[in-house]
Protein chains: 2
Amino acid sequence: MREETLRRREEILKAAMATFGSKGYHNGPLAEIAEQVDMTHAGILHHFGSKDHLLLEVLRYRDESDVAGLDGQHIPGGIDMFRHLVRTAFLNAQRAGIVQTYAVLSAESVTDDHPARAFFEGRYRTLRSEAVEAFEALCAERGVAVPASVRHASASILAVMDGLQVQWLLDPTQVDLGEASQFAIEAIVAAVLDPRPSPLGADGTGSVEQQPVAVDGVVPAEAAGQPVGA
Amino acid sequence: MREETLRRREEILKAAMATFGSKGYHNGPLAEIAEQVDMTHAGILHHFGSKDHLLLEVLRYRDESDVAGLDGQHIPGGIDMFRHLVRTAFLNAQRAGIVQTYAVLSAESVTDDHPARAFFEGRYRTLRSEAVEAFEALCAERGVAVPASVRHASASILAVMDGLQVQWLLDPTQVDLGEASQFAIEAIVAAVLDPRPSPLGADGTGSVEQQPVAVDGVVPAEAAGQPVGA
DNA sequence: GCCAACTTACTGACTGCACGGTAAGTTCTC
DNA sequence: GAGAACTTACCGTGCAGTCAGTAAGTTGGC
């Protein structure tokens, strides 16, 4: 019955994804996961030992099936990586469940002692460095020097994809996940390959601006707030 | 004692921000908030009625103090809005607590029946339309037609700020919140004001590409996974 | 200026429930 | 018959919300 067991665990992992996605990890009870696979919550603990461990297996499972989905076993490099990301964004627009799971868990993971924290830390680190490599390959191919901006660009591309997902999940009628992701990724890639002067003028830090608009005028440190976009 | 009461409630709101930020809403107990202001959790319920209500007051409070921090009472328009956003990003790099509160709560809010869902939905809607207006003003000023991309660009700018915050919270040594935000915002604004051909070639949707790299080859619908960046 | 009537700001004790984990027993499979 | 795959029953805890009581104001009448 080993084959059957594996299948059963996979069912549990999928059910867990659904529950963690719709309720978050801390607020997603084992009993709800169990119910989906016609089991008691004790049955799930029999398979996975603890809820924390189940979460980690869920994340590992996702990564595994992602890799299995790739022709080879790795994300394409160079310009194809960015094409791949755009394609993924369009694909994600039809998989709200999975997108929500990742969006919820990745943000939840920044809280104190979250069991998935190390996972997401590592995940972003890996993805960023893969993006950096893709940029480097791309620059080499075009015979241009690798600009310092590639690190910012790499983080930004992942960031914009994640951020758009949150807005899209909140209100799919107002955000086109695929198109917006494509636009932003193209804008960022273009800015790396062929930099132009800043459209904002100066350096934008405001350190020498004469008329600070907000924030700078706020005195009580903690009362400042984050005016926008945070 | 009315004055004193107001002060007390403000203390509670700040304590709640700290707790919700470090533990999330569902996982952040009233007792911990109460402790910070030397009170029992029942005392907090006396002031705010319920935990849900406290959360909404926290969010309202933040927005209020943000507006109070602005010289006038509104976010600047036109190009100044984008300068303002960049400045905010640099400022946020020194306010991890507040950043975390918003990052955690905004993502948590996409879960089922979350009490802050309507708040964030409205918040993003407002911010996006302010960004759209800023772009329109900017285009008018420069005498160029308003491109269709402004909606995508507006969502993307907010998205990249939020997404970078998550990565930065997970590992501040690897991401420079201010610089990366500035780079991405400039790239996106530039792409709106002065569009260039896509560096990715074609339309990027992959619909006509002959060699799909990943995803497309995955058969079991739910097993597909989100290859990257989700 | 004082006292009674009332309100506000709590505390402490309790209720009830949700939930993760454990232990012991049962059934099914190899 | 051994072990895997469970179930049932139970424990302990964490936590939001209720409620009665108390102490410190606040207000109004005289």
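Evaluated against (1) more than 14 Å from chain A (Cβ to nearest Cβ); (2) surrounded by fewer than 18 Cβ atoms within 10 Å (Cβ to Cβ); (3) touching a residue at least 12 places away in the same chain (Cβ under 8 Å); (4) closer than 25 Å to A:Val104 by Cβ, B:Gly97 falls short on exactly one condition, (1). Quick check on this structure: which one of B:Ser149, B:Ser106, B:Ser129, B:Ser154 is farther than 25 Å from A:Tyr25 by Cβ and facing chain A (nearest Cβ under 7 Å)? Of the residues listed, the single one that is farther than 25 Å from A:Tyr25 by Cβ and facing chain A (nearest Cβ under 7 Å) is B:Ser149.
May I ask you to verify whether A:Asp171 is at the interface with chain B (Cβ under 8 Å from one of its Cβ atoms), within 15 Å of B:Ala159 (Cβ to Cβ), acidic (Asp, Glu) and open to solvent by 10 Å² or more (accessible area, probe 1.4 Å)? The answer is yes for A:Asp171.
For the stretch A:117-129, the set of residues classified as open to solvent by less than 40 Å² (accessible area, probe 1.4 Å) and of a type outside the set (Phe, Trp, Tyr) consists of A:Gly122, A:Arg123, A:Leu127, A:Arg128, listed by residue number. Of all the criteria given as (1) within 14 Å of DNA strand D (Cβ to nearest atom); (2) out of contact with any Leu (no Cβ under 9 Å at 6 or more places or on another chain), the one not satisfied by A:His47 is (2). Applying the selection to the stretch A:147-176, what residues are in a loop (DSSP other than H, G, I, E, B) and touching a residue at least 60 places away in the same chain (Cβ under 8 Å)? Result: A:Pro172, A:Asp176. The set of residues in the stretch B:174-193 that are closer than 25 Å to B:Glu108 by Cα and polar (S, T, N, Q) comprises B:Gln174, B:Ser181. Here B:Ser156 fulfils each of the conditions (1) in contact with a Ser or Thr (Cβ under 9 Å, 6 or more places away or on another chain); (2) at pLDDT 95 or above; (3) open to solvent by 20 Å² or more (accessible area, probe 1.4 Å) apart from (3). Meeting the requirement of 3 or more residues that are more than 8 Å from DNA strand C (Cβ to nearest atom) and open to solvent by 20 Å² or more (accessible area, probe 1.4 Å), the helices (runs of 4 or more DSSP H) wholly within the stretch A:1-51 are A:2-23. Residues that are more than 7 Å from chain B (Cβ to nearest Cβ) and assigned to a loop (DSSP other than H, G, I, E, B) within the stretch A:177-201 comprise A:Asp194, A:Pro195, A:Pro197, A:Gly201, listed in sequence order.
A count restricted to the stretch B:1-18 and to residues that are away from DNA strand D (no atom under 12 Å from the Cβ), in contact (Cβ under 8 Å) with a residue 12 or more places away in the chain and not β-branched (Val, Ile, Thr) stands at 8.
Output yes when any residue across the stretch A:56-77 is more than 8 Å from chain B (Cβ to nearest Cβ) and within 15 Å of DNA strand D (Cβ to nearest atom), and no when none is. There is at least one residue in the stretch A:56-77 that is more than 8 Å from chain B (Cβ to nearest Cβ) and within 15 Å of DNA strand D (Cβ to nearest atom). Residue-level check: of (1) within 15 Å of B:Glu130 (Cα to Cα); (2) within 8 Å of chain A (Cβ to nearest Cβ); (3) in contact with a helix residue (DSSP H, G or I) (Cβ under 6 Å, 6 or more places away or on another chain), B:Arg83 misses just (3).
B:Val144: free of Cβ contacts under 8 Å to residues at least 40 places away in the same chain and open to solvent by 10 Å² or more (accessible area, probe 1.4 Å), yes or no? When the stated conditions are applied, B:Val144 does not pass them. Output yes when any residue across the stretch B:102-114 is open to solvent by 20 Å² or more (accessible area, probe 1.4 Å) and not in a helix (DSSP H, G or I), and no when none is. Yes, the stretch B:102-114 has at least one match. Please tell me if B:His84 is open to solvent by 30 Å² or more (accessible area, probe 1.4 Å) and either modelled with pLDDT under 95 or part of a helix (DSSP H, G or I) (or both). It is false that B:His84 is open to solvent by 30 Å² or more (accessible area, probe 1.4 Å) and either modelled with pLDDT under 95 or part of a helix (DSSP H, G or I) (or both). B:Asp38 falls short on exactly one of the conditions (1) within 14 Å of chain A (Cβ to nearest Cβ); (2) without any contact (Cβ under 8 Å) to a residue 24 or more places away in the chain; (3) more than 12 Å from DNA strand D (Cβ to nearest atom), and that condition is (1).
The values are calculated or read from the model by the stated rules, or taken from the named source; none is laboratory data. For clarity, every value in this text was computed on a predicted model and none was experimentally measured. Counting neighbours? That spans all protein chains shown, and the Cβs are built from the backbone with ideal geometry, glycine included. When the accessible area is computed, the model is the full protein with side chains, heavy atoms only, and any ligands, DNA or RNA have been set aside. Shrake-Rupley method; radii C 1.70, N 1.55, O 1.52, S 1.80 Å.
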